[in-house]
1. Among the listed residues A82, A121, A102, which satisfies the condition of being farther than 30 Å from R267 by Cβ, crowded, with 16+ Cβ neighbours inside 10 Å, in contact with a Lys or Arg (Cβ under 8 Å, 6 or more places away or on another chain) and not aromatic (F, W, Y)?
2. If you check R168, R183, R101, which single one turns out to be over 18 Å from the mean Cα position of the chain (by Cα) and either closer than 18 Å to G217 by Cβ or assigned by TED's automatic domain parsing to the domain that holds P15 (or both)?
3. Give me the residue from region 68-102 that is in contact with a His (Cβ under 7 Å, 6 or more places away or on another chain) and assigned to a loop (DSSP other than H, G, I, E, B) and, out of that set, nearest to the ligand (Cβ to nearest atom).
4. When region 15-56 is examined, which residues are found to be out of contact with any Gly (no Cβ under 7 Å at 6 or more places or on another chain), in contact (Cβ under 8 Å) with a residue 60 or more places away in the chain and β-branched (V, I, T)?
5. Inspect region 249-270 for any residue being part of a loop (DSSP other than H, G, I, E, B) and either loosely packed, with under 15 Cβ neighbours inside 10 Å or within 16 Å of the ligand (Cβ to nearest atom) (or both) and give the result as yes or no.
6. What tally of residues in region 183-199 results from selecting those that are more than 11 Å from the ligand (Cβ to nearest atom) and in contact (Cβ under 8 Å) with a residue 60 or more places away in the chain?
7. Does region 150-165 hold any residues that are surrounded by fewer than 16 Cβ atoms within 10 Å (Cβ to Cβ) and within 16 Å of the ligand (Cβ to nearest atom), and which are they?
8. Which numbered condition in (1) of a type in the set (K, R); (2) within 10 Å of the ligand (Cβ to nearest atom); (3) more than 16 Å from the chain's Cα centre (by Cα) is the only one that R209 fails?
Amino acid sequence: MSAPLTPGLYIVATPIGNLSDLTARAADTLRGASLILAEDKRVTAKLLAHVQATAPMAVYHDHSSETERMRILARLGTEAVALVSDAGTPLISDPGYKLVRAARAAGHAIHTIPGACAAIAALTLAGLPTDRFLFAGFLSPKAKARGNVIAELAAIRATLVFYESGPRLGESLAALAAGLGQRDAAVIREISKLHEETVTGPLADLAARYADAPPRGEIVIVVGPPAEQQAASDEALDEALRIALATLTPSRAAKDVAERLNIPRKRAYARALALGPAS
Ligand code: SAM
């Protein structure tokens, strides 16, 4: 029998597949809470049954109304309220940040009960550098918006982590290969489940593999950082462009320099336009 929970908001991570990954502390918290906020009550009901937690549930989303949030805040002073998502760590591509912000502003205690997170688990499987990484969530299904985000991420010297679904995997990998060039990557599927799988290779190879063969299940894409040469500094890029612009149009100069420095053409072209014609 564990000690009763003090009042406040408890952010409780839940498994992303294997139920045994629920921590003992998470199970105690779910049993001790007097209200459990969930994304989908049917999904969370299974977990609660697994740990014999009987507290009532309420649905919570970041687009829940202000009135709904106020109703929750009113209970935090005297009761332990747990927030869970369908799977993994709440707030990571899941609801919760508005509630945490409001609870803190109102002076309530906030506790996190750490546990499974697909992004972190995928990083441990990918075999790519983990000293710096950027979690980029889900890419847009719209080609233009997706391309813009990828162009923004191209110059960042860090491993990139994306959440994805099977049907969209091929398109996203193709867009990543087009926008980021030749980089090592990993497609990690169904972590901690029966069909867990990690497939690694250059982005273009992964894009070809999954182009007409969308896999089943939940997926994380991990993309290694740009090669040193690819991450050419702005100074090096400007210098190369100034020389090229003396004899070439911005478009031609950008193409040549992008190929030479192994950087995305979009980045070189934007800089070429900013620098203007050589004087
Ligand atoms: N909050 C969750 C977390 O901590 O990872 C993520 C929620 S987000 C709405 C769901 C996405 O996480 C899925 O589309 C998939 O990209 C990834 N994901 C969740 N479980 C996974 C698993 N077992 N294997 C691979 N990816 C998973």
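1. One residue alone meets the criteria, A102.
2. One residue alone meets the criteria, R101.
3. P95
4. T29
5. yes
6. Of the residues in region 183-199, 1 are more than 11 Å from the ligand (Cβ to nearest atom) and in contact (Cβ under 8 Å) with a residue 60 or more places away in the chain.
7. Hit for region 150-165 is S165, nothing else.
8. Single failed check for R209: (2).
The values are calculated or read from the model by the stated rules, or taken from the named source; none is laboratory data. A quick note: this is a predicted structure, and the numbers were derived from the prediction, not measured. Note that each Cβ is placed from the backbone with ideal geometry, even for glycine, and that neighbours are counted across all protein chains shown.
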